[in-house]
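Below is one structure; the comments refer to it alone.
Nothing in this text is a laboratory measurement; each read-out follows from the coordinates by a stated rule. Every value quoted in this text rests on a predicted model; they were computed, and no experiment measured them. When we count neighbours, we look across all protein chains shown, and the Cβ atoms used for this are built from the backbone with ideal geometry, even at glycine.
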Amino acid sequence: MAGDDIQEQRDLLLDGWDEAAKGWGRQADRTQSVALPVSEWMIARAQPAPGEQVLELAAGPGDTGYMAARLIAPGGTLICSDAVSGMLDVARERAEDLGITNVEFKRLQLEWIDLPTASVDVVLCRWALMLIFDPAAALRECRRVLKPGGRLALAVWDPPEANPWATIIQRTLVELGHVEPQAGGGPGMFSLAAPGQLTGLLEDAAFFDIETRSVPIVRRYTSVLDWLGETRDLSRQFSAVWGRLPDEERQRLRDAVAAAAAEYIDESGAVALPGSSLAASASA
Ligand SMILES: C[S@@+](CC[C@H](N)C(=O)[O-])C[C@H]1O[C@@H](n2cnc3c(N)ncnc32)[C@H](O)[C@@H]1O
């Protein structure tokens with residue numbers, strides 16, 4: 001793809017994130033309860049300490065950074081960043097609700113981190129590196145802004161077969177003809193899932209002391225409808241499809257998702273979907 005085309009695609013992706021921000025805000029508590037084991041591993045590896053400067057990239061609602069913010073007090077500051085202002089608004093509200101005060105908010109892009117070289121002790125990035133066009137550039141930027149001895153902790157996703165929570169709805173939408181199959185090769189949930197790929201990128205960006213770990217997660221819903229409701233908030237694609245379907249087609253979609261997920265639904269209708277996040281840590 002030519003440079004101008006990539007920039008256009010980038011802008012489209014970011015517009016989509018801005019539109020999705022309110023939904024991510026509504027689901028922030030639920031997202032954080034699912035993601036907690038991933039964030040806990042990241043924080044345990046990054047070891048933020050009192051007085052340190054922590055940067056969270058692509059923070060969305062900001063929760064991993066807020067766990068670090070508590071650990072760097074007194075004297076430390078969290079820079080909570082995201083590429084879109086809608087997400088920063090959500091993160092600001094959440095900081096207020098959680099009583100986090102040692103935080104600054106900054107609009108930053110992963111591939112061009114507008115901060116001085118060697119200025120932060122810890123960089124955190126949960127569930128975003130795989131969604132951008134140039135993850136190698138982003139990791140080089142993370143390395144640049146870290147002080148010597150600084151720590152990076154991030155998380156992406158393991159392969160699709162380990163993440164039925166994400167694949168069942170997508171596959172059903174394709175099977176029912178509501179969306180086209182996703183083309184491979186570009187940014188996407190599983191674009192850094194191949195064995196060794198993330199480690200290779202971290203090595204290329206001159207990180208050392210690299211460790212990766214698959215962290216299991218479970219997404220729980222009271223019903224299939226509850227699951228589809230969350231997906232409407234988190235996925236612009238699903239929300240657009242749902243919005244244009246008449247009632248009987250929505251019912252058909254709901255039934256098809258329930259049939260595809262049958263093994264994860266108990267007799268009360270509650271859903272428990274497994275997943276696996278690929279977390280990594282490294283030193284600068
Ligand atoms: C899947 S959400 C993850 C949010 C949060 N880190 C979490 O784990 O809940 C991806 C986030 O990445 C942000 N984002 C997407 N592309 C970005 C980019 N190029 N630079 C910085 N942030 C980006 C989006 O705005 C969104 O907040």
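Extension gain, Arg70-Glu267: 0.36 nm per intervening residue step, less the Cα-Cα distance, totals 66.8 nm. For Leu228, Leu57, Leu152, Leu278, the sequence from fewest to most other C-beta atoms within 10 Å is Leu228, Leu278, Leu57, Leu152. If the segment from Arg171 to Asp114 were pulled out straight at 0.36 nm per residue, it would be longer than the present Cα-Cα gap by 16.7 nm.
Projected label points at Leu36 and Val179, each 7 Å from Cα along the beta carbon direction, are separated by 2.9 nanometres. Length available on full extension from Arg236 to Ile210: 0.36 nm per residue minus the Cα-Cα distance, which gives 6.0 nm. Its relative contact order, with pairs defined as Cα atoms under 8 Å and 6+ residues apart, puts the chain at 21 percent.
Would you mind getting the Kirkwood hydrodynamic radius of the chain from its Cα pairs, rounded to one decimal in Å?
19.6 Å
Taking other Cβ atoms within 10 Å as a rough exposure proxy, Ser268, Ser214 sort from fewest to most as Ser268, Ser214. Report the Cα centroid-to-centroid distance between region 244-284 and region 216-235 in angstrom, as an integer. Taking the Cα centre of each part, region 244-284 and region 216-235 sit 6 Å apart. Only DSSP H runs of four or more residues enter the estimate; each adds -39500 (n - 2.57), and after division by the residues of the chain the mean residue ellipticity at 222 nm equals -15000 deg cm²/dmol.
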